[in-house]
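First up is the structure itself, then whatever we jot down about it.
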């Protein structure tokens, strides 16, 4: 059984195969050509953590594939009231064809997947947000950034340089996994004591030995952004860190992606953000709404990337 819990579990070819599916599915969608690749299949969507884009994109996606989405919040099911994860996973998994879980803890996700008889997708956890990273990579491809060993009808530059500026959170961890698997240059700039997870960093450096990825860690946003083809960031205080918001704003104040910082990037660089975005904090209004921003293309691509993930898992189900 293949699950989609982290990009760590996928090799380069599998990642590119999922993206190929997403590109094909999006092409059909834009041509108003409906292809029901998951007709009559049911996706259970379990939300222990609130969401806007994740719910809308997965629910719309499964409908467009010919299936049905079932929304389940922690208030609606026994998983939020003390039932063992293994019981919920086996029970729900016996009634549906696929499960998406958005949770606070990667450990809960992995335990759920271990007992589930159907594929499980990570809709976000404390450590990883892999669906978002494939979305970002699809957006990069469409913007002509990088396509290794693939030929699309878009001119592309060579090996890209991606700069991530901000908190070393689940997005930073996921960028590490994507870069180290695919093989491009990733520069991560975080304040001291806010670097990505040490274990994940170690794994990324090991994967990079095989892929040729170049990973740079720095405390300087300027060092990370100079000459970058992609500049990206995330909120400074994620859900569950609300009590740290004020102190984080002080610590991260020099990490705002504004016009001065963005001017150091390549002249054709794009800006990405997974949302929700807090204007004037991790990114300025002028950059988020500016000509280099691709954030709404990126947001819309969640729909197509996640359809690619679901179809790939369905096709590769043992």
- prompt: Of the residues that sit in the range 203-217 and are outside any helix (DSSP H, G or I) and on the phi < 0 side of the Ramachandran plot, which one is surrounded by the most Cβ atoms within 10 Å (Cβ to Cβ)?
  reply: 213
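Could you tell me whether any residue of the range 181-190 is outside the structural domain of residue 23 (by TED's automatic domain parsing) and at positive phi? Full working, then the answer.
Start the filter on the range 181-190 by keeping residues that are outside the structural domain of residue 23 (by TED's automatic domain parsing), which leaves 181-190.
With at positive phi added as a condition, the list becomes 183.
Yes - at least one qualifying residue is present in the range 181-190.
Got a sec? Which of 262, 239 is modelled with pLDDT of 95 or more and in the same structural domain as residue 163 (by TED's automatic domain parsing)?
Details: 239 fails: modelled with pLDDT of 95 or more.
Going through 262, 239 in turn, just one is modelled with pLDDT of 95 or more and in the same structural domain as residue 163 (by TED's automatic domain parsing): 262.
For the range 239-255, state whether one or more residues are closer than 18 Å to residue 285 by Cα, surrounded by 17 or more Cβ atoms within 10 Å (Cβ to Cβ) and either touching a helix residue (DSSP H, G or I) at 6+ places or on another chain (Cβ under 9 Å) or free of Cβ contacts under 8 Å to residues at least 24 places away in the same chain (or both). Walk me through how you get there before you give the answer.
Pass one, the range 239-255, residues closer than 18 Å to residue 285 by Cα: 249, 252-255.
If we keep only those that are surrounded by 17 or more Cβ atoms within 10 Å (Cβ to Cβ) as well, we get 252, 255.
Subsequent filtering for residues that are either touching a helix residue (DSSP H, G or I) at 6+ places or on another chain (Cβ under 9 Å) or free of Cβ contacts under 8 Å to residues at least 24 places away in the same chain (or both) retains 255.
The answer is yes, given that some residue of the range 239-255 is closer than 18 Å to residue 285 by Cα, surrounded by 17 or more Cβ atoms within 10 Å (Cβ to Cβ) and either touching a helix residue (DSSP H, G or I) at 6+ places or on another chain (Cβ under 9 Å) or free of Cβ contacts under 8 Å to residues at least 24 places away in the same chain (or both).
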field: Hits in the range 189-202 (condition: surrounded by fewer than 17 Cβ atoms within 10 Å (Cβ to Cβ) and either touching a strand residue (DSSP E or B) at 6+ places or on another chain (Cβ under 6 Å) or in a helix (DSSP H, G or I) (or both))
entry: 198, 199, 202
task: Go through the residues of the range 69-87 one by one and say whether even a single one is buried (at least 17 other Cβ atoms within 10 Å of the Cβ), closer than 30 Å to residue 150 by Cα and either touching a helix residue (DSSP H, G or I) at 6+ places or on another chain (Cβ under 7 Å) or outside the structural domain of residue 100 (by TED's automatic domain parsing) (or both).
output: no
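The values are calculated or read from the model by the stated rules, or taken from the named source; none is laboratory data. Bear in mind that the values here come from a model prediction, so they are computed numbers and not experimental data. Every residue, glycine as well, gets a Cβ built from its backbone with ideal geometry; the counts of neighbours run over all protein chains shown.
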